[in-house]
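Working notes for the structure below.
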Amino acid sequence: MKNRSIALITGANRGLGFEVARQLAERDFIVYLSARSREAGEAAVENLQKNGADVRFVELDVADFSSPQKAAQAVAAQVDHLDVLVNNAAILEGENLPALRVTAEVMQKTLAVNAIGPLLVAQAFVPLLSQSAHGRIINVSSSAGTLHDMGTYAPAYSISKAALNAVTRQLSAALQNKRIAVNSVCPGWVRTDMGGCNAPRAMEKGAETIVWLATEAPQDLTGQFLRDRKVIAW
Ligand code: NDP
């Protein structure tokens, strides 16, 4: 099993996560497609298996803080290592609630899914990632989370993505001795349920840098924020 690369993607039943799963399976990865809904996840897996891909479902609700450990146990029962973890799942809620009116509930939920969840998923999968010669964690972030030019757009979401970028820095430093690279990536504005139909990018393009980070990017590239394969400012 060691010579076959293995990836796990959160929130991969639709949107960019599904597209990343598709592209990695096409590159002969064993793909753990995770989703919070078993029904939606298994349907997505079936869809990709039609082309002969080795794609397996694992239930993972990143808002349920006990879920990552259960998912990691399920995966560890089947394989002895993990090469790539893509923290993709996210929500965009309260987009039009300005910072002065955003509710505690929206803040809590958004931070749980977009920042705390990815940290706990990483913690749960580090033992398996440590068994890879070239472990990689990819946090799907957004330019909405950049601090240098942050304005009034979607406060809960933007604050959560800034927090996710901090998760990237912390994990990158903490995992340097295990040779696990950790980076944030902005996929650009992409036509998905979240991005809407006016977004300029197709899903294939949005997934490109995520897949590059999962495969060809230099292993010593870590602790960075990327877009279109280039390092960008936080
Ligand atoms: P979508 O809304 O299309 O898909 C989001 C995915 O996340 C779904 O599979 C959804 O599952 C899943 N999800 C939500 N909550 C949870 C949870 N608690 N546990 C597990 N999965 C969950 O979004 P995109 O595909 O557009 O976004 C993917 C990533 O890209 C996100 O991190 C997003 O912030 C980022 N991004 C997207 C941009 C865009 O223009 N589209 C721009 C910048 C960044 P379910 O079907 O169950 O709801």
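The values are calculated or read from the model by the stated rules, or taken from the named source; none is laboratory data. Computed from a predicted model, the values in this text were never measured in an experiment. All Cβ positions, even for glycine, are placed from backbone atoms using ideal geometry, and neighbour counts span all protein chains on display.
Pairs are defined by a Cβ separation below 6 Å, a sequence spacing of at least 6 or placement on different chains, a first member in segment 92-103 that is among the small types (Gly, Ala, Ser), and a second member that is at pLDDT 95 or above; the pairs so defined are GLY94/VAL102; GLY94/VAL106; GLY94/ALA156; ALA99/PRO155. For segment 179-220, a residue qualifies if it is away from the ligand (no atom under 13 Å from the Cβ), part of a loop (DSSP other than H, G, I, E, B) and of a type in the set (Gly, Ala, Ser), and exactly one does: ALA217.
When you go through ALA163, ALA207, ALA181 one by one, which is the residue that is within 18 Å of LEU119 (Cα to Cα), buried (at least 20 other Cβ atoms within 10 Å of the Cβ), in contact with a Leu (Cβ under 7 Å, 6 or more places away or on another chain) and in contact (Cβ under 8 Å) with a residue 24 or more places away in the chain?
Numbers: ALA163 fails: buried (at least 20 other Cβ atoms within 10 Å of the Cβ); ALA207 fails: within 18 Å of LEU119 (Cα to Cα).
Sole residue among the options that is within 18 Å of LEU119 (Cα to Cα), buried (at least 20 other Cβ atoms within 10 Å of the Cβ), in contact with a Leu (Cβ under 7 Å, 6 or more places away or on another chain) and in contact (Cβ under 8 Å) with a residue 24 or more places away in the chain: ALA181.
Give the residue that is surrounded by the fewest Cβ atoms within 10 Å (Cβ to Cβ), with candidates limited to residues of segment 18-63 that are touching a Gly at 6+ places or on another chain (Cβ under 8 Å) and assigned to a loop (DSSP other than H, G, I, E, B). Out of the qualifying residues, it is ALA63. Please tell me if VAL84 is surrounded by 16 or more Cβ atoms within 10 Å (Cβ to Cβ), farther than 19 Å from THR215 by Cα and β-branched (Val, Ile, Thr). The answer is no for VAL84. Within segment 135-178, restricting attention to residues that are out of contact with any Asp or Glu (no Cβ under 9 Å at 6 or more places or on another chain) and in a strand (DSSP E or B), which residue is farthest from the ligand (Cβ to nearest atom)? Looking at the filtered set, the residue picked out is ILE137. Looking only at residues of segment 66-81 that are surrounded by fewer than 16 Cβ atoms within 10 Å (Cβ to Cβ) and either at pLDDT below 95 or not hydrophobic (A, V, I, L, M, F, W, C) (or both), we find that the one that is farthest from the ligand (Cβ to nearest atom) is ASP80.
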